[in-house]
Amino acid sequence: MDSEPSTDVVASLLDRLPTGRLRLVVIGQGYVGLSLAAAAAVEGLDVHGIDIDAARVGALSRGESVVPGVDDGVFAMATDSGRLSFGTDFARVADADVVVICVPTPITDHRPDLGAVEGASRLVSQMLRPGQLVILESTTYPGTTEQVVQPLLEASGLRAGDDFLLAFSPERIDPGNTKYGLRNTPRVVGGIDARATAAAGAFYRLLVDDVTELSSARSAELAKLLENTFRMVNIALVNELARQCHDQGIDVWEVIRAAATKPFGFMPFQPGPGVGGHCIPLDPTYLAWQSHRDTGRRFRLVELAQDINAEMPDYVCRRIVDALGERGVSVRDASVLALGVTYKPNVGDLRESAAVETLAQLARRGVKVSFHDPFVERLESHGLSLERSELSADVLAQADAVALLTPHDVYDLQWLQGGAKLVFDARNALGVRGDERVVTL
Ligand SMILES: NC(=O)c1ccc[n+]([C@@H]2O[C@H](COP(=O)([O-])OP(=O)(O)OC[C@H]3O[C@@H](n4cnc5c(N)ncnc54)[C@H](O)[C@@H]3O)[C@@H](O)[C@H]2O)c1
């Protein structure tokens, strides 16, 4: 252990941080952790990525970019730099100036599951030494950094604030977004005290152009939940509006476009088969769960919005069945080809995909379902067991309906419209009106 007094080693870290001459350890080499590790290595930091998944570590060590969504170019540059290594052993934490924890925080049995955060914190604690900065990036409820991570790290005998620094910074990375990446997506950071905030701010300024320092870790934790809850609630609003508009014979897409011409006080969201992915459906649950645990109050808006979004696959399914019925095709005889089954366009992620749920519900009603998705070869969930269909003019023409659920950019929309008997355009990708073979949500 370092013989210098802790105050000196912490001060020395604060001096060194802006120089970028740092050793970084990133715990969890998933989408978030590997993206950070690779970007930091490209920026000149000496980076070691730790993961409990030995197969993943092995592949990454061989230079294989095995984590979907991580920028292959950045990963290649990082491995070529010689500054990025991987391992399963937490011993390397002892060498680090900065340790960032990016492990999963799933919802298990309707509750936040901090098992991975706790497990990683315990192992970090065993290697912790004075003068280090530890940052939690995993999405979680306010208070986790101080109430869960800090005591586990202090089991080392070192004191947060005196011997080491501790902060939270939420990851905002948007899978598939080609405009906003790590560098140009602004960051917020909040430490458990002012020095930790300053240190975390200095660290992220090496990698991100715009960093905002907050007064606490709790504010940073809650800011992330607000961002994703805001999105989830607004999607629920337009989903409910879409149903209302359909009943009234009003074009919801035109209404949203019209409202969006207002240059202030409005932000457009688009309806669809529901919300999906790893963040938007799950993160608001942290908010609702904590509200109930700590105050006894239900966070009603979150619960209501979750209910509305959860109804959308059933609604889309009914609209498809109705459209087929109006054309004289009964459910039992119908075949539907779904195009795009991932949770959003241009990514390969199936987690919480509302498109898969929609397809499963069609199948449960007796519809003969098939799917095509450039990112997915097989669907083996929700009771479905399907091999990807080919996408030829014949296949298109044979389906009673084509359900355009997740409109990936690679789809030739004009070709689809021209070749299908009926297109159910769940996200208004075609933007077509007046063609009786196209039905929009
Ligand atoms: N994916 C996103 O778009 C996104 C965006 C913002 C925030 N987040 C949040 O970031 C966190 C990580 O998400 P992700 O998408 O990178 O997850 P992921 O599932 O892609 O990867 C997590 C990695 O952590 C490893 N791991 C699990 N437990 C571990 C442990 N105890 N020690 C070391 N490694 C461990 C797993 O093997 C896996 O490789 C989550 O809290 C998530 O909510 C994700």
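The values are calculated or read from the model by the stated rules, or taken from the named source; none is laboratory data. On a predicted model such as this, the values are computed, not experimentally measured, just so you know. Heads up, the Cβs are rebuilt from the backbone with ideal geometry, glycines too, and the neighbour counts pull from every protein chain shown. All accessible areas refer to the heavy atoms of the entire protein, side chains included, with ligands and DNA or RNA removed. Shrake-Rupley method; radii C 1.70, N 1.55, O 1.52, S 1.80 Å.
If a residue has to be part of a loop (DSSP other than H, G, I, E, B) and touching a residue at least 60 places away in the same chain (Cβ under 8 Å) to count, how many in segment 248-267 make the cut? Residues flagged as part of a loop (DSSP other than H, G, I, E, B) and touching a residue at least 60 places away in the same chain (Cβ under 8 Å) within segment 248-267 amount to 1. The single condition from (1) at pLDDT below 95; (2) open to solvent by less than 50 Å² (accessible area, probe 1.4 Å) that P18 fails is (2). M232 meets all of the listed conditions (1) away from the ligand (no atom under 16 Å from the Cβ); (2) buried (at least 21 other Cβ atoms within 10 Å of the Cβ) but one, namely (1).
Every test in (1) modelled with pLDDT of 95 or more; (2) open to solvent by less than 30 Å² (accessible area, probe 1.4 Å); (3) of a type in the set (A, V, I, L, M, F, W, C) is passed by V10 save one, and that test is (1).
Taking (1) in contact with a helix residue (DSSP H, G or I) (Cβ under 9 Å, 6 or more places away or on another chain); (2) near the ligand (Cβ under 9 Å from one of its atoms); (3) acidic (D, E) in turn, D163 satisfies each apart from (2). Considering (1) without any contact (Cβ under 8 Å) to a residue 24 or more places away in the chain; (2) on the phi > 0 side of the Ramachandran plot, the lone condition that V66 does not fulfil carries the number (2).
Considering each of A199, A220 in turn, give the residue that is closer than 22 Å to C279 by Cα and surrounded by 22 or more Cβ atoms within 10 Å (Cβ to Cβ). Talk me through it step by step, then tell me what you get.
Values: A199 fails: closer than 22 Å to C279 by Cα.
Testing whether each residue is closer than 22 Å to C279 by Cα and surrounded by 22 or more Cβ atoms within 10 Å (Cβ to Cβ) leaves just A220.
Suppose the filter is exposed (fewer than 15 other Cβ atoms within 10 Å of the Cβ) and modelled with pLDDT under 95; does R257 pass it? No.
Among the residues of segment 289-302, those identified as loosely packed, with under 14 Cβ neighbours inside 10 Å and part of a helix (DSSP H, G or I) are H292, R293, D294, T295, R300. Do we find a residue being within 16 Å of the ligand (Cβ to nearest atom), touching a Phe, Trp or Tyr at 6+ places or on another chain (Cβ under 9 Å) and under 20 Å from R351 (Cα atoms) anywhere in segment 147-157? No, there is no match, as no residue in segment 147-157 is within 16 Å of the ligand (Cβ to nearest atom), touching a Phe, Trp or Tyr at 6+ places or on another chain (Cβ under 9 Å) and under 20 Å from R351 (Cα atoms).
Of all the criteria given as (1) in a strand (DSSP E or B); (2) of a type outside the set (S, T, Y); (3) surrounded by fewer than 15 Cβ atoms within 10 Å (Cβ to Cβ), the one not satisfied by G190 is (3).
Take the residues in segment 78-126 that are of a type in the set (K, R) and out of contact with any strand residue (DSSP E or B) (no Cβ under 9 Å at 6 or more places or on another chain); name whichever of them is farthest from the ligand (Cβ to nearest atom). Please lay out each step first, then the result.
Restricting attention to segment 78-126, the residues satisfying the condition of being of a type in the set (K, R) are 83, 92, 111, 122.
Now narrow it down to the ones that are out of contact with any strand residue (DSSP E or B) (no Cβ under 9 Å at 6 or more places or on another chain): 111, 122.
Values: R111: 15, R122: 9 Å.
Ranking the candidates gives R111 first.
Being part of a helix (DSSP H, G or I) and touching a residue at least 40 places away in the same chain (Cβ under 8 Å) is true of L13.
In the condition set (1) surrounded by fewer than 19 Cβ atoms within 10 Å (Cβ to Cβ); (2) of a type outside the set (A, V, I, L, M, F, W, C); (3) within 13 Å of the ligand (Cβ to nearest atom); (4) modelled with pLDDT of 95 or more, Q29 is compliant with all but (1).
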